[in-house]
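Written out below as structure tokens is the structure these notes cover.
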Amino acid sequence: MTLFDAITTPLTRRLREGLDRIAAAMRADEWGVAEEAGLTPTQLHALTFIAGRGDAGLRLRAVAEHLGVTQPTATDSIAALARKGLVAKLPEAQDKRAVAIRVTPAGCDVVRAIGLAMTSAERALETLTPQEQQTLLALVIKTIRALQQAKAIPPQRLCVTCRHFRPYAHEDAELPHHCALVDAAFGGRHLRLDCPEHDAAPQPLLEEAWRAFERAP
């Protein structure tokens, strides 16, 4: 690529190229962490997703939608996790005819161990200042929301799309937001990308909260 080509390349294209390189490093991290646990990356994602839903468990379809894979692929991953004793299939609490997939104590142990692993991507992110990390988190959330609206990814359980989210409800610059579910203030660095207590906001409330969030001081 010539200098002229670089100058005329849209910024969005260069950003995508940069994110592709970061994603490649993160995929390598995932393979390393998964192999250490004796899992594939898909099995690892499924296990951590199920563990994040607590005792309620999940139906297979929900796992497949979250992972962005077909139900047969999700079935294979769940079957492998069950053989390893990391998940169990039990009757759903509210519908005994349905099956819910729940994490076992052994699966919880694996998830805790995975959470302690420091990846190369996390070490790279630690080179950013706390303010840079918080700004990047906000930009990641904005990008995820745009992808979700374009139906390029499944619905995500973001703070900013939850009915309990109250952006900039407090004057405290460190803890400006409010979660109505737990009645507590929290900061931008605490914004979650996958909250197990997430309750999707109706469209009018969602749009109102997002406009308030975008008008960051």
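The values are calculated or read from the model by the stated rules, or taken from the named source; none is laboratory data. Worth saying up front: this structure is predicted, and the values here are computed from it rather than measured. We place every Cβ from the backbone using ideal geometry, glycine too, and count neighbours over all the protein chains shown. Note: accessible area is taken over every heavy atom of the protein model, side chains too, but ligands, DNA and RNA are not part of it. Shrake-Rupley method; radii C 1.70, N 1.55, O 1.52, S 1.80 Å.
Give me the residue from segment 41-61 that is in contact with a Pro (Cβ under 9 Å, 6 or more places away or on another chain) and among the small types (Gly, Ala, Ser) and, out of that set, modelled with the highest pLDDT. Selected residue: 52.
Determine whether segment 173-181 contains at least one residue that is modelled with pLDDT of 95 or more, charged (D, E, K, R) and loosely packed, with under 15 Cβ neighbours inside 10 Å. No, segment 173-181 contains no residue that is modelled with pLDDT of 95 or more, charged (D, E, K, R) and loosely packed, with under 15 Cβ neighbours inside 10 Å. If I filter segment 143-174 down to residues being touching a residue at least 40 places away in the same chain (Cβ under 8 Å) and assigned to a helix (DSSP H, G or I), which single residue comes out as nearest to residue 201 (Cα to Cα)? Here the answer is 161.
Quick check on my filter: what residues within segment 9-28 are free of Cβ contacts under 8 Å to residues at least 12 places away in the same chain, open to solvent by 70 Å² or more (accessible area, probe 1.4 Å) and among the hydrophobic types (A, V, I, L, M, F, W, C)? Within segment 9-28, 11, 15, 19 qualify. How many of the residues in segment 142-156 are more than 27 Å from residue 43 (Cβ to Cβ) and either surrounded by 13 or more Cβ atoms within 10 Å (Cβ to Cβ) or touching an Asp or Glu at 6+ places or on another chain (Cβ under 9 Å) (or both)? Adding up the residues that qualify gives 2.
Taking the criterion of being free of Cβ contacts under 8 Å to residues at least 40 places away in the same chain, under 20 Å from residue 54 (Cα atoms) and open to solvent by 60 Å² or more (accessible area, probe 1.4 Å), the residues of segment 191-217 that qualify are 192, 197, 199.
Among the residues of segment 98-133, those that are exposed (fewer than 11 other Cβ atoms within 10 Å of the Cβ), in a helix (DSSP H, G or I) and free of Cβ contacts under 8 Å to residues at least 24 places away in the same chain comprise 105, 112, 115, 116, 123, 131.
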